[in-house]
Amino acid sequence: NVSEIFHLDLTRTNVMDGQLVILIRERTLPLFYLNHWLVRGQQNAPLPKEGHVVVVHIGNQRVGFIVDELIGQEEVVIKPLGALLHGLAGLAGATITGDGGIAIILDVPGLLKMYA
């Protein structure tokens, strides 16, 4: 569940026990660059100085994903992936957006298990 989204000066981040974090309302929030997980070859790309953070709750765990841009917010119905993509780690399904486009829905707990 997405709990909040905010713009962040990424020079305010710290590294604690090898994990990129930021202090938000006196609580440490682990941060992950989503494009490092989803785009091949991005692990060594130069880091931006600012970005958008999408804060997600998974059970009682709270993490922040740094994303390249925010496109909008929609309530959607998640459709299962076809046989070719079914069971692909990190993907929960797909949806048709309000403008008729197709969007892939990420499986955040699955991504955290794979990469965090």
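Shape verdict for segment 74-116, please, from the Cα gyration tensor: rounded (a/c under 1.5), prolate (a/b greater than b/c) or oblate. Judged from the Cα gyration tensor, segment 74-116 comes out oblate (a/c at least 1.5, b/c at or above a/b). Cβ crowding within 10 Å, taken as a proxy for footprinting-reagent exposure, orders Val2, Val53, Val108 from fewest neighbours to most as Val2, Val108, Val53.
Counting only C-alpha contacts under 8 Å and six or more residues apart, can you give the relative contact order of segment 2-67 as a whole percent? Could you put the intermediate results ahead of the total?
On the way: 104 pairs, mean separation 26.6, N = 66.
Worked out over segment 2-67, it gives 40 percent.
Per-residue ellipticity at 222 nm, computed for the chain from helices alone with -39500 (n - 2.57) per DSSP H run of at least four residues, works out to -2500 deg cm²/dmol. Hey, in the GNM for the chain with a 10 angstrom Cα cutoff, which one of Leu20, Leu70, Leu84 fluctuates hardest? Between Leu20, Leu70, Leu84, it is Leu84 that shows the largest mean-square fluctuation.
With the convex hull drawn over the C-alpha atoms of the chain, the volume per residue is 133 Å³.
Remark: spin-label model distance His36-Lys113 equals 2.2 nm, labels positioned 7 Å along the Cα→Cβ axis.
So, counting K/R as plus one and D/E as minus one, what does the shell of residues with Cβ under 11 Å around Ala89 add up to?
So the surrounding residues net to 0.
Bear in mind that the values in this text are calculations on the coordinates, not laboratory data. Just so you know, these numbers come straight off a predicted model, no measurement behind them. All Cβ positions, glycine included, derive from the backbone under ideal geometry; neighbour counts span all protein chains shown.
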